[in-house]
Ligand SMILES: [Zn+2]
């Protein structure tokens, strides 16, 4: 299943679970100085229909 994730700052990513989680962790680290766990990043994502 694919997911879409939008950050409060307007940044967005879309893709498979592992990919969006990794991209979000990287984004949080670089732009927000924030360390997200896998579960925290996934909690921000919304599943896409197909
Ligand atoms: Zn952001």
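The values are calculated or read from the model by the stated rules, or taken from the named source; none is laboratory data. Here the structure is a predicted model, which means the values were calculated and not measured. All Cβ positions, even for glycine, are placed from backbone atoms using ideal geometry, and neighbour counts span all protein chains on display.
Brief remarks follow.
- Enumeration of residues in the stretch 35-48 that are outside any helix (DSSP H, G or I) and closer than 17 Å to residue 12 by Cβ: 36, 44, 45, 46, 47, 48
- Cross-chain or 6+ apart pairs with Cβ under 6 Å, the stretch 5-30 first and under 12 Å from residue 46 (Cβ atoms) and within 11 Å of the ligand (Cβ to nearest atom), then modelled with pLDDT of 95 or more and part of a helix (DSSP H, G or I): 5/20; 5/24; 13/20; 13/23
- Residue within the stretch 37-46 that is surrounded by 14 or more Cβ atoms within 10 Å (Cβ to Cβ), under 8 Å from the mean Cα position of the chain (by Cα) and more than 13 Å from the ligand (Cβ to nearest atom) present: yes
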